Amino acid sequence: MPPTGALTPAYRELIRQAAQGQVIHNDDTPMKILELLKEINEKSSRTGMFTTGMMSIVEDHKIALFFTGKKHAGENMSDLLKERQAELDPPIQMCDALSRNASKEFETILANCLVHGRRNFVDVAANFPKETAHVIDQIALVYRNDEMAKQQNLSPQERLLFHQRESAPVMKTLKQWLSQQIEQKKTEPNSGLGKAIAYMLKHWDPLTLFLRVPGAPFDPLGFFVSIRTVSAVTRLLLLQIPLAGCRPLSGCFRS
């Protein structure tokens with residue numbers, strides 16, 4: 001159901017502007033709306049309800065969008081990209097590696113979240129302290145380099161060259177180490193450590209997009225804080241709000 005009310009023109013304009021972003025973050029978080037819950041139970045085979053959060057970087061501005069309903073993040077991304085100007089290059093899309101986060105209709109340049117890869121090692125650190133410490137320490141060097149790039153106020157192209165010089169050797173050595181753990185049977189593939197390694201190797205290209213594409217992020221931490229903060233504030237409100245009011249309340253913000 002389309003949004004209604006005095007804020008509708010601003011809502012639609014912010015969606016149009018967000019669709020032109022150079023970088024678009026997206027993610028889902030669970031959300032319940034009583035009216036929609038009844039509709040799902042009666043009519044739909046899909047039982048989940050979500051708030052999809054998006055953060056679009058448009059030149060020097062950030063536009064946050066929130067869509068609550070039955071659609072996954074990738075489906076909402078498709079809806080957003082329908083508003084994108086045809087002459088623009090595909091945007092960089094930062095998300096985790098879940099397939100439902102990607103648009104099936106429009107091309108994006110996929111970047112996966114390095115912090116998700118790191119977290120898999122943190123989760124099994126108690127059982128594999130030496131191996132996980134090595135991985136975490138190597139990833140920390142990349143974060144240190146990116147912080148230095150920010151402090152130097154480097155342009156996207158300068159940041160790319162800086163990471164290619166300082167971070168690419170670190171990541172190359174890390175990939176070799178990860179591969180050796182499996183190939184040389186140093187790690188059981190079905191163990192927690194083996195699964196963490198498999199995740200990193202499977203998604204290596206999108207995890208390291210920042211080494212090949214100017215402006216590509218590798219950590220959406222600020223975005224995830226934003227989506228979960230807004231979702232927490234609106235959760236109790238949206239639980240009782242009719243579906244017609246969901247979209248404008250979930251709304252859009254620009255900084």
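The values are calculated or read from the model by the stated rules, or taken from the named source; none is laboratory data. Every value quoted in this text rests on a predicted model; they were computed, and no experiment measured them. Don't worry about glycine lacking a Cβ; one is built from the backbone with ideal geometry, like all the others, and counts go over all protein chains shown.
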Scanning the stretch 105-123 for residues that are part of a helix (DSSP H, G or I) and either within 18 Å of the chain's Cα centre (by Cα) or under 14 Å from residue 206 (Cβ atoms) (or both) gives 114, 115, 116, 117, 118, 119, 120
Could you run through the stretch 84-135 and say how many residues are of a type in the set (S, T, N, Q), surrounded by fewer than 20 Cβ atoms within 10 Å (Cβ to Cβ) and closer than 30 Å to residue 190 by Cα? 3
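Within the stretch 124-175, which residues are of a type in the set (Val, Ile, Thr) and in a helix (DSSP H, G or I)?
Scanning the stretch 124-175 gives 132, 135, 136, 139, 142, 170, 173.
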Among the residues of the stretch 203-220, are any closer than 30 Å to residue 31 by Cα and assigned to a helix (DSSP H, G or I)? yes
Inside the stretch 162-183, the number of residues satisfying the requirement of being more than 24 Å from the chain's Cα centre (by Cα) and aromatic (Phe, Trp, Tyr) is 1
Please state which one of 110, 114 is modelled with pLDDT under 95 and under 24 Å from residue 24 (Cα atoms). 114
